[in-house]
Every structure is written in structure tokens, then in C-alpha cells.
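Q: Attaching a single structure in C-alpha cells format; questions to follow.
Bear in mind that the values in this text are calculations on the coordinates, not laboratory data. All values derive from a computational prediction rather than experimental measurement. Heads up, the Cβs are rebuilt from the backbone with ideal geometry, glycines too, and the neighbour counts pull from every protein chain shown.
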Amino acid sequence: MAKRSPRTATGLELIVRFHELPLLVGLVVLWMMLWQEASLLSLVSGLVVSIVMMRVFYLPPVALAGRFNPWYAVRYLSYFLWNLASASIEVAWLAVRPGPVPKTAIIAVRLRTSSDFILTLVGLTISLIPGSLVAEVDRFGSTLYLHVLNTPSQKAITKMRHDVATIERLLILTLGSKEEVQAVRG
């Protein structure tokens, strides 16, 4: 009995795969917004340009855990907003106060997660809080290198590392896989 060959992809599947549809739609909408025109021509040209860009600049699909905990999402947002407000006041004070320029540091913070999604969210959260900025990301080592403002002592650096760990913990409890949640809790 002859073996059947695996299912071959149809022509449409070679152009756009199912998991790429949200990206395709987003790129086409962006294209139409850039041209400030909603017409058949802008739709078709947007589709062509988007498909070419998706093939030239291929991004691997992001693996999501498929879970969401609203309680920890509220806690994460509260923690973020509190730090955003307090850091804004601190940076504003550092900008107008008399005295020497505050010391800065580049620190490495190793994360527990191996998820690209969580790593990205932690980096974005830290960068949005005034006084800290992600300078480098070691994706394979799950390490963020941060440029941190106002680090006159080792205590300030330790506090920043603790803040990053707290943000990572809250994001894992909100969006992480079951294994990551167990590792954080255990």
C-alpha cells in the first residue's frame, strides 16, 4: 500500500497562514491610515505590501499561555500606575533640584521566565516608568540590561532589581503558563 504524502499547503496558505491574519489585518489598516484613504485600491495595495513585508521581515509566532487572571491584572496595573506616578515625581524633582547630577547605573536583571512575551512586557513596563530604560535584552539568557537614574547606593540598585522581579511576578501570575505560575508560587 502506498504511503500518502502529508497534506500540502494550498496557494492561499503559502501566502498567509491563519495565525498571521491579525498581523495582516493590522498592517492593511495601518497602510490605509497612512494613505488616509479607504478605497479598493488602498485595500489591495495594502494587502500586497503587507504580504511582501510579512515574508521579507518574518516574525516567528509568539507562544501565549492561553490564560488570564483578572485579579493579578488589576494588581499589576495598580503597581504600575503607582510606580509611574511616584517615579514621575522623583524624576521631576531630580530635574529641578539644586545640586550635583544624580548618579546613574547600568544593571543586569536576570528574569525567571523564558517566555518572549513576558520578557517583552517586563521590558516595556520598566521602560514606561520614568527613571529607567531598557538598554539591552539578552533574549536567550532572559536578562534585561537597564539604565537606571538616581542610583547613589547599592540599596537603590537592589530596590530596582526588586521592582523588576515584582513586575515579572505579577505578569507571570496574570498571563504566564501553569508551569511558570507554579514556579513563582512555589
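Q: Quick one: what do you get for the chain if you divide its Cα Rg by 2.2 N^0.38 Å?
A: The reported ratio for this selection is 1.38.
Q: How high is the relative contact order of the chain, in percent, counting Cα pairs under 8 Å that sit 6 or more residues apart?
A: The normalised contact order for the chain reaches 24 percent.
Q: Can you give the alpha-carbon Rg of segment 77-151 over 2.2 N^0.38 Å, where N counts its residues?
A: Compactness ratio reported: 1.21.
Q: With only Lys, Arg, Asp and Glu charged, each at its Cβ (+1 for the first two, -1 for the last two), find how big the charge dipole of segment 10-138 is about the Cα centre; round to the nearest 20 debye.
A: 420 debye
Q: Rounded to the nearest 500 deg cm²/dmol, what is the calculated helix-only ellipticity per residue at 222 nm for the chain, with -39500 (n - 2.57) per DSSP H run of length n ≥ 4?
A: Per the formula, -19000 deg cm²/dmol.
Q: By a straight-distance test (C-alpha under 16 Å), which aspartates and glutamates pair with LYS103 as possible cross-link partners, with residues fewer than eight away in the same chain excluded?
A: In chain and number order, the partners are GLU90.
Q: Further question on the same structure: Could you tell me which of ALA135, VAL122, SER177 has its Cα farthest along the dipole of the chain towards the positive end, charges placed at Cβ (Lys, Arg +1; Asp, Glu -1), taken about the Cα centre?
A: My answer, from the dipole projection, is SER177.
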